[in-house]
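Reading through the structure tokens given below for one structure.
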Amino acid sequence: MGKISQEAKQRYTERVKEYKQEIETLQRREKSVLQTIETDAEGAGHKRFALADERLNMAALYLLLNRISLSMLSVKNDSFVREAHRCCYQSLIYLEEVVTDYLDAPFSEYSERLEAIAGMPEHQRYGIMHKLGFTIQSVSDDFGSNTKWRWSFVELEGRLATVAKNVVNLRRVISELDPRVDGYELRVAHLKLVRELLQKSADRYLERYTLATSRIDDFKRAIDFLLALKRLHTLLGEVEQAEVVKRKADVWKSRMEDEEKRAEQRRPT
């Protein structure tokens with residue numbers, strides 16, 4: 001790559017100026033909202049969801065800055081992509097603060113937390129999950145397949161799967177899974193998304209265990225996602241699907257225990 005001219009740098013600086021200012025505006029607003037939450041907890045759940053959404057907007061701006069750098073300077077700016085990555089984590093933290101990060105847990109253990117967003121429309125809950133998933137994938141794409149950050153996305157995707165499940169008022173949704181009830185198609189779509197995300201996360205944690213870490217906690221986490229999926233199938237009355245997932249979880253657990261035993265035998269006495 002040739003040396004970047006001063007003129008090209010100047011054009012780039014002018015081009016990105018407004019986007020950097022927009023990021024600074026979002027950061028100031030985030031700080032202000034957090035201060036408000038500290039002094040007045042009223043509506044904190046809705047405010048945290050708004051902050052989560054704005055963090056995704058911030059991530060989109062960082063990704064745009066990187067793409068402008070590629071276009072105008074032929075230089076990938078990894079610092080912008082890392083900031084977008086960090087925004088995804090912070091967005092998830094805000095969501096988890098409202099709906100918890102409980103994975104394989106009865107709905108009763110976290111249902112009270114959903115009261116903080118009781119008035120939030122279902123399409124808004126579904127929409128932010130889609131937006132978060134899209135943003136995570138966009139950040140992954142911008143890092144590229146050979147990045148050292150590759151396996152960090154397993155955790156991001158897993159936390160997305162968890163909040164996508166936990167944001168659903170399962171008690172209400174199950175009672176309204178009737179084609180005659182308004183919003184039926186959206187509920188079906190959200191539940192379909194949750195099933196897919198839970199299964200994907202189970203597979204991805206096992207993949208990370210097998211190809212990268214050999215850490216038994218990754219294997220256990222994979223099984224936890226399967227058990228969460230089984231719990232959801234059972235709750236929805238999907239008996240056959242629940243049994244299929246249970247058998248798969250049993251096979252994985254047996255394999256994990258075998259590998260734990262072999263690892264123990266290899267340890268020096």
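The values are calculated or read from the model by the stated rules, or taken from the named source; none is laboratory data. Keep in mind that what you see is a predicted model, and the values were worked out from it rather than measured. With ideal geometry, Cβ positions are generated from the backbone for all residues, glycine too; neighbour counts draw on all protein chains shown.
Among the residues of segment 199-253, which ones are of a type in the set (S, T, N, Q) and either assigned to a helix (DSSP H, G or I) or within 28 Å of Arg171 (Cα to Cα) (or both)? Can you show your working first?
Of segment 199-253, the ones of a type in the set (S, T, N, Q) are 199, 201, 210, 213-214, 234, 241.
Within segment 199-253, Gln199, Ser201, Thr210, Thr213, Thr234, Gln241 meet the criteria.
For segment 113-129, which residues satisfy the criterion of being surrounded by fewer than 17 Cβ atoms within 10 Å (Cβ to Cβ) and acidic (Asp, Glu)?
Glu115
Kindly indicate the residue of segment 94-112 that is in a helix (DSSP H, G or I) and touching a residue at least 40 places away in the same chain (Cβ under 8 Å) and also surrounded by the fewest Cβ atoms within 10 Å (Cβ to Cβ) among those meeting that condition. Break it down stepwise before answering.
Within segment 94-112, the subset in a helix (DSSP H, G or I) is 94-99, 107-109, 111-112.
Those left that are additionally touching a residue at least 40 places away in the same chain (Cβ under 8 Å): 94-99, 107, 111.
Values: Tyr94: 21, Leu95: 30, Glu96: 17, Glu97: 18, Val98: 21, Val99: 23, Phe107: 18, Ser111: 14.
Going through the qualifying residues, I end up with Ser111.
Under 6 Å by Cβ, and 6 or more places apart or on different chains, what pairs join a residue from segment 71-83 that is surrounded by 13 or more Cβ atoms within 10 Å (Cβ to Cβ) with one that is of a type in the set (A, V, I, L, M, F, W, C)?
Leu73/Ile4; Lys76/Leu70; Phe80/Leu65; Val81/Phe143
Evaluate segment 44-59: report whether one residue or more is free of Cβ contacts under 8 Å to residues at least 24 places away in the same chain, out of contact with any Pro (no Cβ under 7 Å at 6 or more places or on another chain) and either crowded, with 18+ Cβ neighbours inside 10 Å or outside any helix (DSSP H, G or I) (or both). If you could, list the steps in order and put the result at the bottom.
To start, the set of residues in segment 44-59 that are free of Cβ contacts under 8 Å to residues at least 24 places away in the same chain comprises 47, 50.
Filter once more, keeping what is out of contact with any Pro (no Cβ under 7 Å at 6 or more places or on another chain): 47, 50.
Retained after the next criterion (residues that are either crowded, with 18+ Cβ neighbours inside 10 Å or outside any helix (DSSP H, G or I) (or both)): 47.
Yes, some residue in segment 44-59 is free of Cβ contacts under 8 Å to residues at least 24 places away in the same chain, out of contact with any Pro (no Cβ under 7 Å at 6 or more places or on another chain) and either crowded, with 18+ Cβ neighbours inside 10 Å or outside any helix (DSSP H, G or I) (or both).
Could you check segment 1-56 and list, in sequence order, the residues that are of a type in the set (A, V, I, L, M, F, W, C), within 30 Å of Val168 (Cβ to Cβ) and more than 24 Å from the chain's Cα centre (by Cα)? Step through it out loud before you land on a result.
Initially, segment 1-56 is screened for residues of a type in the set (A, V, I, L, M, F, W, C), giving 1, 4, 8, 16, 23, 26, 33-34, 37, 41, 44, 49-52, 56.
Of the ones still in play, those that are also within 30 Å of Val168 (Cβ to Cβ) are 26, 33-34, 37, 41, 44, 49-52, 56.
Correct list: Ala41 only.
Tell me, which residue of segment 1-43 that is part of a helix (DSSP H, G or I) and of a type in the set (Val, Ile, Thr) is surrounded by the fewest Cβ atoms within 10 Å (Cβ to Cβ)?
Here the answer is Thr39.
Which pairs do you get when a residue that is more than 15 Å from Leu232 (Cα to Cα) and touching a residue at least 40 places away in the same chain (Cβ under 8 Å), found in segment 243-254, comes within reach of a residue that is of a type outside the set (D, E, K, R) and surrounded by 14 or more Cβ atoms within 10 Å (Cβ to Cβ), reach meaning Cβ atoms under 8 angstrom, with the pair 6+ apart or on two chains?
Close Cβ pairs satisfying both conditions: Trp252/Leu206; Trp252/Phe219; Trp252/Ala222; Trp252/Ile223; Trp252/Leu226.
Collect the residues in segment 44-91 that are over 19 Å from Val163 (Cα atoms) and basic (Lys, Arg), keeping them in residue-number order.
Those that are over 19 Å from Val163 (Cα atoms) and basic (Lys, Arg): Arg67, Lys76, Arg82.
Taking only segment 145-161 into account, find how many residues are among the hydrophobic types (A, V, I, L, M, F, W, C) and outside any helix (DSSP H, G or I).
Our first condition is that a residue be among the hydrophobic types (A, V, I, L, M, F, W, C); within segment 145-161, this holds for 149, 151, 153-154, 156, 160-161.
After this cut, where a residue has to be outside any helix (DSSP H, G or I) as well, the list is 149, 151.
Here the count works out to 2.
Only one of (1) hydroxyl-bearing (Ser, Thr, Tyr); (2) over 27 Å from Leu186 (Cα atoms); (3) in a loop (DSSP other than H, G, I, E, B) fails for Ser69. Which number is that?
Of everything listed in (1) hydroxyl-bearing (Ser, Thr, Tyr); (2) over 27 Å from Leu186 (Cα atoms); (3) in a loop (DSSP other than H, G, I, E, B), Ser69 misses just condition (3).
Within the set of pairs 6 or more residues apart or between chains, which connect a residue that is under 14 Å from Asp203 (Cα atoms) and modelled with pLDDT of 95 or more inside segment 140-162 to a residue that is of a type in the set (Gly, Ala, Ser) and surrounded by 20 or more Cβ atoms within 10 Å (Cβ to Cβ) with Cβ atoms less than 6 Å apart?
The qualifying pairs are Phe153/Ser140; Glu157/Ser201; Gly158/Ser201; Ala161/Ser201.
From the residues in segment 72-93 that are in a helix (DSSP H, G or I) and basic (Lys, Arg), which one is nearest to Gln27 (Cα to Cα)? Don't jump to the end; show me each part of the working.
Within segment 72-93, the subset in a helix (DSSP H, G or I) is 72-73, 78-93.
Filter once more, keeping what is basic (Lys, Arg): 82, 86.
Numbers: Arg82: 16, Arg86: 13 Å.
That would be Arg86.
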